[in-house]
Every structure is written in structure tokens, then in C-alpha cells.
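The values are calculated or read from the model by the stated rules, or taken from the named source; none is laboratory data. Nothing here was measured: the structure is a model prediction, and the numbers come from that model. Note: ideal-geometry Cβ built from the backbone for every residue, glycine included; neighbour counts use all protein chains shown. Each accessible area value is taken on the protein alone, full model and side chains, heavy atoms only, with ligands, DNA and RNA left out. Shrake-Rupley method; radii C 1.70, N 1.55, O 1.52, S 1.80 Å.
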Amino acid sequence: MRPAAQVSDALYRAVKPLFFRLDPESVHDCTIQALSTISAHGPLMHALSSLAPEPDPRLAVQLFQQKLPFPLGIAAGFDKNALVFPALLALGFGSVETGTVTPLPQPGNPKPRVFRLPEDRGLVNRMGFPNQGVEAVVNNLIRLRQPARLVGCNIGPNKTAVEAGTAPADFAHAWDRVSSYCSYVAVNISSPNTPGLRGHQRADALQAILSAIRTARLGKQHRPLVLKISPDLTPEELDDIVSVALQFRVDAIAATNTTLDRPASLQSRHSSEAGGLSGVPLVARSTATIRRLVQLAGDDIDVIAAGGIFTGRDVLAAISAGAAFTQTYTGFIYRGPAMPALAHDEMLTLMTRHGIPDLTQLRGSNFQL
Ligand SMILES: Cc1cc2nc3c(=O)[nH]c(=O)nc-3n(C[C@H](O)[C@H](O)[C@H](O)COP(=O)(O)O)c2cc1C
């Protein structure tokens, strides 16, 4: 690890107990403020990039015909308004998925709505898509453009549209506005915090959304389409989603969003707060979903793994299960800005130990680490 990353890791470990005494969303807002200032200033970006690991060809992966230097990216929800993706890329993450953004700005659910589960290395959130709306996000994507980097945009419907039964039109509108300014668009039908949204994972409802988006795509430049799904689907529901995804030529499925399940093993005081659970307690469910998706969709649809990815070992395990790429949110909160550098070293150490030449060889091998 480079000296700057070592210092940053030590500092984060020192300040984390203090951060963890403060309200999670306030800490997040301050972090966004700081990273947003950095993202808009070249010299500060240069300083931040001294934390990033040296690119290593053994860790490169391919997604949407693009070569990515690093197999771990930031999942949706961290950079909702596309304000800080340059800083996150400078830290060494392989991609950033901005959003979820809805056509109109909306405030989300009442606060408090994010809770740490430190004993379980998890979070519970019931944010409900607070965001500045698609026009503000498009302006930010244009202003902070990162050519040659993978920057996705995750889209969702306004709460009022779900209530009115017009979610497909919201997805089509959001697609139309963002698709020219990002590398791919992710369709979020899996957040548990907008009542009724997850019902759009049913085959007929999903077909309606994908048809509306197909119409919005006509005559426009191609952008890969990602479906983001829940870890709480039955095997039959998952089968149906894959059939519809194949029918509509979806490029990738991101598995998974947060779970409504509460494993009996949870220890933390906030574990029974309403909302979606993320982090380590989600790993078993998301890995089972990834394995099933790889079985069902084979080489036709790429799988992007999300759910409890904290370490380099977790990244390797997801790729070994067949994922093309991985994402983190909760792991970043727990490990801090040196996470890419830490995961980089952890992966290379394990790969050397087990004689794994590169990630292409590992993918889908089911090698037990
Ligand atoms: C506070 C918080 C907000 C989130 N917001 C979104 C969101 O807006 N859209 C989305 O698709 N996923 C959202 N997620 C889900 C993450 O993108 C990710 O799928 C999930 O947390 C599992 O990964 P993790 O265990 O690494 O956190 C959010 C997660 C958290 C913890």
C-alpha cells in the first residue's frame, strides 16, 4: 500500500469511533460536502489520488465491453445527486453508480432514516430516494464528466408516480434524460423504502417498465441497461425476472439491493428499525442470488455483485461465484477511503497464495478461497 493510503487507513481507524457516535446521515452529508469540494478542484483531486492503489493488470475486468482497472465500484445511494463521483474514482474505485434519481426532486422519508449496526457490520436505511431530481443530476453529470471512466446512473420513479400507477412513464422519462450523460443506466425496482416499488419486479409490471424504456431508447445512442434486484425474491420470481430480462436484452443484473429480512444472529440495538438491511448480514442472501442468476442467465447477462462486500476476499468470492464486477456501499462506511488500496493488497495476496493468475481465470470457477 502506498504511504498516503497507510496514513489514511490509520487516521480513519482513529476517527471512526467518534464518527460512529454522530448521526449517520449528518456524517454522510458532511462527507458529500467535502468530497464535492474536492471533486471540483484539480489539485485536491491529485492529492486524493495518492491514496489509490497502483493499477495491476491481474485485477482488470471487463464490463459492457469496457476494460475496468479495478473490480470494485461504489453502489447506488452513496452519490445520489452525482456530486462526488470524480473523488470516488480518484480513490481507486473501478466505477461509481450515481442515483437513485427520480424525475422530480423529492425529500424522502422523515429522519432519522439511517442506522448503524456496528456489532453486525451492517446498516439499516429507509431513505426513500431523497434526491434533487433528474435535471440537477444531469447538470452534475455534465459538469463533472469523467471521460473513459465507468459512471452509471441509477433511476427510479417518484413516490407519487408509484402511488398513481405511472412508474413506467417515470422510468422512461428518467432514462431519456440521463442516458446520454452516463456509461450505463440501472433500473431500480428493488428499493424496499418506496411502498409498492418492489411489486414492479413481477413479470407483467417489469415488462411494462422495460417496454416504456425500449420506446424511450429508440433512435438514441445505445446505453447498457442494468436491472437492480432484491435479495428477497422467491426462486420462481427470480426465474421470471431472468426470462423478462433475456426477452428485453438487459445487459446486466445488479444483485442485490438491501433486504427486509432480519437474520436471528443480529446483535445491534438498531436491528429492528424499519428499512433495508445492508452489509455483512446480507452476504448469504446476495451470494445465493448471484449463484442462481449465473445458473439461469449464463453468459447472456452479466451479474454485478453487491451486498456485504468489505474485503478483497469478498470481491474474489463474488467473482469466483460468477460476478463480472462488484460494488460496495456499507463496506466503504466501515473501512473508509483506503478501502480500494486495502482490497487491492488483500486480493493480490490471496491470488498469489492460491496461484490465481488473474480475475478472468477466476470468474465463475467456484474456486473456494
Ligand atoms: C444508506 C443507503 C442508501 C442506499 N440507497 C440506494 C439507492 O438510492 N438506490 C439503490 O439502488 N440502492 C441503494 N442502496 C443499496 C446499495 O446500493 C447496495 O445495493 C446495498 O446496500 C448492498 O450493498 P452493501 O452491503 O455493500 O451496502 C442504499 C444502501 C444504503 C446503505
If I histogram all Cα-Cα distances within the chain using bins 10 Å wide from 0, what percent of pairs lands in each bin?
5, 26, 37, 26, 6, 0
Answer rounded, prolate or oblate for the stretch 143-220, using the Cα gyration tensor with square roots of eigenvalues a ≥ b ≥ c: rounded when a/c is under 1.5, else prolate when a/b is larger than b/c, else oblate.
prolate
What figure, in Å² to the nearest 10, do you get for the accessible area of E135 with a 1.4 Å probe and non-protein molecules left out?
90 Å²
Rank-order 355-363, 141-149 by packing density, defined as the average count of other C-beta atoms within 10 Å over each peptide's residues, highest first.
355-363, 141-149
Where a ≥ b ≥ c are the square roots of the eigenvalues of the C-alpha gyration tensor, would you call the stretch 1-137 rounded, which needs a/c under 1.5, or, failing that, prolate if a/b is larger than b/c, or oblate?
oblate
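Relative contact order of the chain: what whole-number percent is it, with Cα pairs under 8 angstrom and at least 6 residues apart?
18 percent
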With R₀ set to 35 angstrom, the calculated FRET efficiency between the beta-carbons of T234 and L104, to the nearest 0.05, is 0.60
For the chain, what does the helix formula give at 222 nm: sum of -39500 (n - 2.57) over DSSP H segments with n ≥ 4, over the residue count, nearest 500 deg cm²/dmol?
-12500 deg cm²/dmol
Once Lys and Arg get +1 and Asp and Glu get -1 on their Cβ, which of V124, L89, T328 lies farthest toward the positive end of the dipole of the chain?
L89
Per residue, in Å², the accessible surface of the stretch 220-358 once ligands and nucleic acids are set aside, probe 1.4 Å
37 Å²
For the stretch 120-210, report the accessible area per residue in Å² (1.4 Å probe, heavy atoms, rounded to an integer).
35 Å²
Between rounded, prolate and oblate, where does the stretch 245-369 land on the alpha carbon gyration tensor, with a ≥ b ≥ c its root eigenvalues, rounded for a/c under 1.5, else prolate if a/b exceeds b/c?
oblate
Among 281-289, 321-329, the order from most to least packed when residues are scored by Cβ within 10 Å on average
321-329, 281-289
Keeping the other protein chains in place, figure out the carbon and sulfur percent of the accessible area of the stretch 71-135, with a 1.4 Å probe.
61 percent
In whole angstrom, note down how far apart the Cα centers of the stretch 56-95 and the stretch 199-266 are.
22 Å
Using packing as a proxy for protection, rank 86-94, 152-160 so that the peptide with the highest average count of other Cβ atoms within 10 Å comes first.
152-160, 86-94
Looking only at aspartates and glutamates whose Cα falls under 18 Å of K16's and that sit 8 or more positions away or on another chain, we get E25, D29, E119, D120
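Any chance you could run the full-extension gain for Y12 through E163? It's 0.36 nm times the residue separation minus the Cα-Cα distance, nm to one decimal. Display every interim value, and only then the final one.
Values: separation 151, 0.36 × 151 = 54.36 nm, distance 4.20 nm.
Residue separation times 0.36 nm, minus the Cα-Cα distance, leaves 50.2 nm.
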